[in-house]
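Contents: one structure, followed by commentary.
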Amino acid sequence: MSEQVIQIIEKKSNGMATAGFVLALITVFFGWIPFVGWVTWLLGLIFSAIGLSKANKVGVGKGLAIAGLVISLIGIVVLFVVAASLAAIIGMNV
């Protein structure tokens, strides 16, 4: 009888990087909803940062984490610009 060798290969993944990227991408389309947009941009930023640190350890998902960080940071800058513009239009001093 011949012996069969079965190798189990563990697939590495980085769920935090993927979650951060997906949240950042969803927020690009739904960021105009006041509270939902703010929360998802912040969560996208946090998850992407955690995913980037995990990617350095695991070696998977670094591109998604960086993309999520970039999209989230651009989104937060846009959020502040829009908020400042609205405040100026309304007449409030920011």
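The values are calculated or read from the model by the stated rules, or taken from the named source; none is laboratory data. Treat the numbers as computed from the prediction; the structure is a model and nothing was measured. So basically every Cβ, Gly included, is an ideal-geometry build from the backbone, and we count neighbours across all protein chains shown. Just so you know, the surface numbers come from the protein's heavy atoms only, side chains and all, with ligands and any DNA or RNA stripped out. Shrake-Rupley method; radii C 1.70, N 1.55, O 1.52, S 1.80 Å.
Observations on the structure shown:
- The convex hull of the Cα atoms of the chain, projected and averaged over all directions, covers 8.2 nm².
- The local environment of Gly20, defined by Cβ-Cβ distances under 15 Å, has a net charge of +2 under the rule Lys, Arg +1 and Asp, Glu -1.
- Axial C-alpha extent at least 30 Å, average Kyte-Doolittle at least -0.5 - helices from the chain (DSSP): 34-58, 62-90
- When shorter helices are ignored and each DSSP H run of at least 4 residues is given -39500 (n - 2.57), the per-residue value for the chain at 222 nm works out to -26000 deg cm²/dmol.
- Split the chain at each of the trypsin sites (Lys or Arg not before Pro) in a DSSP loop with at most 15 other beta carbon atoms within 10 Å, and the longest piece is 13-94.
- With all protein chains kept in place, the per residue accessible area of the chain amounts to 74 square angstrom at a probe of 1.4 angstrom.
- Loop-resident sites, the chain, for chymotrypsin sites (Phe, Trp or Tyr not before Pro), counting at most 13 other Cβ within 10 Å (DSSP): Trp32
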